[in-house]
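Inspection log for the structure reproduced underneath, given as structure tokens.
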Amino acid sequence: MTHDIHVIGGGLAGSEAAWQLGRRGFSVRLSEMRGGGDMTPAHQGTGLAELVCSNSFRSDDSEKNAVGLLHHEMRALDSLVMRAGEVARVPAGSAMAVDRDVFSAEVERELAALSNVHVVRERIDRLPASGPTIIATGPLTAAPLAESVAEATGQDSLAFFDAIAPIVHRDSIDMDVCWMAARWDKGGKDYINCPMTREQYEAFVQGLLDGEKTEFREWEASTPYFEGCMPIEVMASRGIETLRFGPMKPVGLDNPHWATAEHPNGRWPYAVVQLRQDNKLGTLWNMVGFQTKLKHAEQVRLFRTIPGLENAEFARLGGLHRNTFINSPMVLDRELRLRRSSHVRFAGQITGCEGYVESAAVGLMAGMMAATELAGETWQAPPRTTALGALLAHITGDAEAETYQPMNVNFGLFPPLPEVKKKARKEAYTERAKADLDRWIGDRAVELA
């Protein structure tokens, strides 16, 4: 099979890169090992762009939130992931969440409609010696290919843990105890809230600390966690109040079951566990922020002590998987190419971006870069004032290489606006970004089409 470019990895980044190349007329070989006899420790099936952790793309607010701005920019560039996300969308307040199965199926459908994109179920064990290539194998890169990447980069592979939250069947939740609401009533009543008193909360925290955990393997023992996906028992070990200022934060949530004449809307619990819809049917709900390394039997026992979840039935229990990434600021150039082998680009979480949307965004840019190169044109990066540009700049050189760690998109990556008052700064960042992106797209209308 002949092709213009080889994309290795059929996750969000690889699927997005293949889409961007395919819709511009280039022939793409998209290699995905799942479905060819191989599997990863975290995936459940063989579908392209399978979501293995949360089903949330996080905030969809493009006026005050950096990831919401990234959504906006990706939509402007006809992102496959954002297209499929809209089809698979489920209620999640001001956030964007999707039905996992519908999302994956829509990505596959769109790619199958491009006759020049060929999905091949095969495992690639070494970096191709020649020919345009995009490596988008993500945090679960198979060991032989990871070793080949390590050889090519001249760096030891880095790794941390990414954690998976449990999923509960909706009809097993006691709504006489729980209630539907979003914090401060923003975005609709899209979350199920399980209230806790102080005594219940403190007993729960102690249970997390005492609970039996899955043993680390030898190679896992010194691997750090990513702060944005911290197992709940690790958070609990940092202090009794840590969870109440994290995923179990009760502020802005009036429990109507606790209403009184003095407080007709109810009172805030001492702590709260939130669940977010996980599929379009609304039959599955995931426990927000409850990633864990507790053993499965211990999870069932402990999580059923949460008010409203006494009879909870779990569609999936929590777990952890390894996340491998390269030291991108050191080994990649500004166009995501490997300095030692410029025919190879990297995309997605293996570059050290963190999050579904960020992974897809880097895949989008890698695909556009490769298409520009194949067309014999010169790539012009999005302005650093945009979410895309800020994320790309961070990965490819702006981050400190010696201390490089995975990063979500955030306004701390953007060029500062010191003249703007702090309260108005988020809106100023997004206004500037949208204007600059519009100019960038306008200047390259033919190239980006």
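The values are calculated or read from the model by the stated rules, or taken from the named source; none is laboratory data. Since the model is a prediction, treat every value here as computed from it, not as a measurement. For neighbour counting, all protein chains shown are included, and Cβ atoms are generated from backbone atoms with ideal geometry for every residue, glycine included. We work out accessible area using only protein heavy atoms, side chains counted, and drop any ligands, DNA or RNA first. Shrake-Rupley method; radii C 1.70, N 1.55, O 1.52, S 1.80 Å.
Below, the figures for the structure above:
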| read-out | value |
| --- | --- |
| Single unsatisfied condition, ARG439 versus (1) more than 27 Å from PRO139 (Cα to Cα); (2) part of a helix (DSSP H, G or I); (3) open to solvent by less than 60 Å² (accessible area, probe 1.4 Å) | (3) |
| VAL168 vs. criteria touching a helix residue (DSSP H, G or I) at 6+ places or on another chain (Cβ under 9 Å), of a type in the set (Val, Ile, Thr), open to solvent by 40 Å² or more (accessible area, probe 1.4 Å) and at pLDDT 90 or above | no |
| Residue selected from segment 329-355 under the condition without any contact (Cβ under 8 Å) to a residue 40 or more places away in the chain and assigned to a strand (DSSP E or B), by the criterion most open to solvent (accessible area, probe 1.4 Å) | SER342 |
| Number of the exception - ALA105 against (1) surrounded by 18 or more Cβ atoms within 10 Å (Cβ to Cβ); (2) in contact (Cβ under 8 Å) with a residue 24 or more places away in the chain | (1) |
| Pairs where the first residue, in segment 400-416, is among the polar types (S, T, N, Q) and the second is surrounded by fewer than 19 Cβ atoms within 10 Å (Cβ to Cβ) and not in a loop (DSSP other than H, G, I, E, B), C-beta under 6 Å, 6+ apart | ASN408/GLY228 |
| Residue satisfying all of: in segment 279-321; of a type outside the set (A, V, I, L, M, F, W, C), in a strand (DSSP E or B) and surrounded by fewer than 19 Cβ atoms within 10 Å (Cβ to Cβ); modelled with the highest pLDDT among these | ARG316 |
| Search result, residues across segment 119-140 that are open to solvent by 60 Å² or more (accessible area, probe 1.4 Å), of a type outside the set (D, E, K, R) and not in a loop (DSSP other than H, G, I, E, B) | VAL119 |
| Test for THR223: is it over 17 Å from PHE290 (Cβ atoms), open to solvent by less than 30 Å² (accessible area, probe 1.4 Å) and at pLDDT below 95 | yes |
| Leading residue by the ranking (nearest to ALA347 (Cα to Cα)) among those in segment 388-436 that are part of a loop (DSSP other than H, G, I, E, B) and open to solvent by 60 Å² or more (accessible area, probe 1.4 Å) | GLN405 |
| Residue identified as among the hydrophobic types (A, V, I, L, M, F, W, C), in contact (Cβ under 8 Å) with a residue 24 or more places away in the chain, assigned to a loop (DSSP other than H, G, I, E, B) and on the phi < 0 side of the Ramachandran plot among LEU51, LEU30, LEU70 | LEU51 |
| From the options ARG384, ARG345, residue that is in contact with an Asp or Glu (Cβ under 8 Å, 6 or more places away or on another chain) and basic (Lys, Arg) | ARG345 |
| Any pair with Cβ under 8 angstrom, 6 or more apart, that starts in segment 273-290 at a residue that is among the small types (Gly, Ala, Ser) and ends at one that is buried (at least 20 other Cβ atoms within 10 Å of the Cβ) and part of a loop (DSSP other than H, G, I, E, B) | GLY289/ALA165; GLY289/PRO247; GLY289/MET248 |
| Test: residue in segment 356-363 that is under 22 Å from ALA17 (Cβ atoms), open to solvent by 50 Å² or more (accessible area, probe 1.4 Å), assigned to a helix (DSSP H, G or I) and among the charged types (D, E, K, R) | no |
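For (1) touching a Lys or Arg at 6+ places or on another chain (Cβ under 9 Å); (2) of a type outside the set (S, T, N, Q); (3) within 22 Å of THR386 (Cα to Cα); (4) modelled with pLDDT under 95, each residue gets a yes or a no:
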residue	(1), (2), (3), (4)
SER54	yes, no, no, yes
MET74	no, yes, yes, no
SER94	yes, no, yes, yes
LEU111	no, yes, no, no
